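Peer 1: My questions all concern the structure below.
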Amino acid sequence: PKWDEWALRYKLYNNQKRDKASVGDNTLFTIFQTVLAALYEDDLTATFEPRESGDEEIAENLTITAEYDYTEMEKDMLDYEWDFEAMFHGRGLCALMEFDRDDMVPVPEIWHAMTVLRDPYATSVNGNKKRKGAARFLYRENRLTKQEMEEAGTYFNLKKLKKSGVSKDSLIDENMRIMAEAAGLSDVSKFSNLKGENQTYRVLEGFTIHNGKRCFVTLANDRKTVIRYVVFEDTLDIPIIDRTLYPVPNSWDSVSVPDLVEDKQRARAVLTNLGLKAVKASIHPMYLFDQTRVKNKADLNFEFNKFVPVQGNVTGAVQPMQKDRIAADVEYILSTLSQGAEKSTASPDVKQGGRPEGKDTATRDALISQGSDTRYSLAAKIWGWSEKRFWKQWYRLYKDHFTADIDEKSVRITGALGAKWRPFTRENLIANTDPDVSIESRVLAEQRQFNELQQFRGYFQALAADPNANLRFALKHMGRLSGLKQDIINQLLPPTIDEMQAEEENEMLRNGEKVEVLPTDDHQMHLEMHNKMEDTPQKIAHINAHKRAMLLQKVRPELFPQQPQRVNPSQNQGDREIAAETDALPTPVPQGRSLPVTS
């Protein structure tokens, strides 16, 4: 029954399957595209966050790779289909289980709702944390050529395939017929019954549980022959991410945009066509005439600027014929229907690119737009649920398919000095503990970042007066809040000698080499750089050595050379120039003097 209903709604959305003498109403298309445009325009950014100390670099690499794969996976086009499915059918399904080893990128695919067979007791694909409401099975019908199956390399029993022609019982053939009919075309599915290499075979593919494990199976020959069988060893979850717009708890069928607008469009179309007929009737109405006064019946036919002679009294000698007018009730009902559709979807005229009716002011329009944005932000947050699950599954595919010491992925990074390529291996992308994924709306993220920047600027002014403050770190943090990329910040604030030295020491510590703590080290800077390294006994021992050196420097300052003072932004220009020249001079190291702290 839902497929039959969706078939009718596609006709309303496309608005081509109708009597050519009638006028169709576009309320469903207008409202649908308004909501779709608002949600599609607001990008949802994915950021990976480490769960363990030392995984910061891996999390950053994953964020960079996800941004690169966004283009490789053509996710911009995928998101349009995914959003459309969720808004039109109430739930959109995106399968993410394939991995292209040639391009080293996951391959997502949208499952069209009108070809899917699902568990009727399921409330979502994978249910809640306790798997309550999870689908036991989920299938779709598909058509594949033998060449496609041979190139995939995962199919077998291909010699047993039998020809499968067009069938009324086929979901995919019926879907093709419905789409053609909605576009005002005849049934084109019969032309898909080809021979030779272009011949397609109708298959049923999907997920079920077999021998206590989740598996993916493909059936051919009217579900009698197994031609593909894949077992997922470590999970019962189905690698399909579902997206909903207006979800109803404990129900698979959430509210869709056509649910809210369809009846309004039908009523508006009926009233519009009745109004057109009323206009035609008022121009060419039926007449009752007095034969004793109108002698020629042809005189009653309409013509412009025509005078009909009659015998008898005509008030004022010449008087126009009376015509009926469209009742005001029709306009009132049409307006009420439009308001109902707009309120239910938060899509007023202002959002649709039109001028609101009535007295419009800038304040009124701003309030309407603000209220609509609040409704849209709720939908964007709900969109974020599926986006987070998408990128978690994306990471799982890398974890399952990226082989250590063999696979390598080159990622293009556009930075301050142009594009450059960075090669990643498994050690660069796979963390000891799976990272968290943070999804945030671009609009909301920019607003939050702007507020944090304003607050930090005020704090930075007070911070600059403290000579012991780490102003370099503060400037870097301000750059990140301003939206600058890390490579641009590194160009503006190049690494210091201590930072580069600490990076080299991190590599030595990873290799198990002994690293001495020098009296000239900037211990605070070294602690900051060493803390980025993964936790190892060598790292912990070296950090403790720096802490002992800082304590010894306080107790025995004569063992340490005098460090030049930091350049403080609160100093005048002359003081800053002198301090800069002092920093450029080499620091003398006392001969024969070393610290009793090593790691």
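Peer 1: Considering the dipole of segment 73-152 built from charges on the beta carbon (Lys and Arg +1, Asp and Glu -1) around the Cα centre, which of 93, 149, 122 is farthest to its positive end?
Peer 2: Working it through, the farthest residue towards the positive pole turns out to be 122.
Peer 1: Turning to a different aspect of this structure: Determine the shape class of segment 47-108: with a ≥ b ≥ c the square roots of the Cα gyration tensor eigenvalues, call it rounded for a/c under 1.5, and otherwise prolate if a/b is greater than b/c, oblate otherwise.
Peer 2: Details: a/c = 2.62, a/b = 1.74, b/c = 1.51.
Because a/c hits 1.5 or more and a/b exceeds b/c, segment 47-108 counts as prolate.
Peer 1: Could you tell me the relative contact order of segment 117-260? Use alpha-carbon pairs under 8 Å, at least six residues apart, and round to a whole percent. Could you put the intermediate results ahead of the total?
Peer 2: Working: 223 pairs, mean separation 34.8, N = 144.
The normalised contact order for segment 117-260 reaches 24 percent.
Peer 1: Rounding to the nearest 20 debye, state how big the charge dipole of segment 1-126 is about its Cα centre with +1 on each Lys and Arg Cβ and -1 on each Asp and Glu Cβ. It would help to have the intermediate numbers written out before the result.
Peer 2: Working: 11 positive and 28 negative charges, 294 e Å.
About 1420 debye.
Peer 1: Go through segment 503-509 residue by residue and turn each phi into a ³J(HN,Hα) via Karplus (6.51, -1.76, 1.60, θ = phi - 60°); whole Hz please, and just put x for glycine and proline.
Peer 2: 4, 5, 5, 4, 5, 5, 5
Peer 1: Taking H placed 1.01 Å from N in the peptide plane, check which residues at least 5 places from residue 411 or on another chain put their amide H under 5 Å from its amide H.
Peer 2: Long-range HN contacts for residue 411: 422, 424.
Peer 1: While we're looking at this one, here's another question. From the Cα gyration tensor of segment 135-197, with a ≥ b ≥ c the square roots of its eigenvalues, which class applies: rounded if a/c is under 1.5, or else prolate if a/b is larger than b/c, or else oblate?
Peer 2: Verdict is oblate for segment 135-197.
Peer 1: Additional query: With 32 Å as the limit, write out which pairs from 409/485; 2/280; 132/409; 20/168 have Cα-Cα distances beyond it, or answer none.
Peer 2: Working: 409/485 22 Å; 2/280 38 Å; 132/409 38 Å; 20/168 28 Å.
Pairs exceeding the cut-off: 2/280; 132/409.
Peer 1: Step through the residues of segment 377-394 one at a time and calculate ³J(HN,Hα) from phi using the Karplus curve (6.51 cos²θ - 1.76 cosθ + 1.60, θ = phi - 60°), rounding each to whole Hz and writing x for Gly and Pro.
Peer 2: Using θ = phi - 60°, the values come out as 5, 4, 4, 5, 5, 5, 4, x, 4, 6, 5, 5, 5, 4, 6, 5, 5, 4 Hz.
Peer 1: Round to a whole number: what % of the accessible area of segment 1-59 belongs to carbon and sulfur, probe 1.4 Å? List each step's numbers first, then the result.
Peer 2: Details: 1550 of 3180 Å².
Percent of accessible area from carbon and sulfur atoms in segment 1-59: 49.
Peer 1: Next question, about the same structure. Towards the positive end of the charge dipole of segment 15-86, with charges on Cβ (+1 Lys, Arg; -1 Asp, Glu), say which of 71, 23, 36 has the farthest Cα.
Peer 2: Projecting each Cα onto the dipole axis, the largest value belongs to 23.
Peer 1: Okay, next question. Go through 529, 97, 550 and list them by solvent-accessible area, largest first, probe radius 1.4 Å. Before the final figure, lay out each step's value.
Peer 2: Working: 529 10, 97 35, 550 70 Å².
Highest to lowest solvent-accessible surface, that is 550, 97, 529.
Peer 1: How do 427-435, 389-397, 463-471, 116-124 rank on mean C-beta neighbours within 10 Å, highest first? Mind showing how you got there, number by number?
Peer 2: Values: 427-435: 16.8, 389-397: 20.7, 463-471: 13.2, 116-124: 15.2.
Averaged packing, sorted descending, gives the order 389-397, 427-435, 116-124, 463-471.
Peer 1: Assuming a ≥ b ≥ c are the square roots of the Cα gyration tensor eigenvalues, decide whether segment 72-188 counts as rounded (a/c under 1.5), prolate (otherwise, with a/b larger than b/c) or oblate. Let's see the in-between values first.
Peer 2: Working: a/c = 1.35, a/b = 1.08, b/c = 1.24.
Taking the square roots of the gyration eigenvalues as a ≥ b ≥ c, segment 72-188 is rounded.
Peer 1: On a straight-distance basis, which lysines could pair with residue 159 in a cross-link, Cα separation under 19 angstrom, same-chain partners fewer than 8 positions away excluded?
Peer 2: The reachable lysines, counting only those whose Cα sits under 19 Å from residue 159, are 146, 195, 224.
The values are calculated or read from the model by the stated rules, or taken from the named source; none is laboratory data. For clarity, every value in this text was computed on a predicted model and none was experimentally measured. Glycine also receives a Cβ, built like all others from the backbone with ideal geometry; neighbour counts cover every protein chain displayed. Note: areas computed on protein heavy atoms with side chains; ligands, DNA, RNA excluded. Shrake-Rupley method; radii C 1.70, N 1.55, O 1.52, S 1.80 Å.
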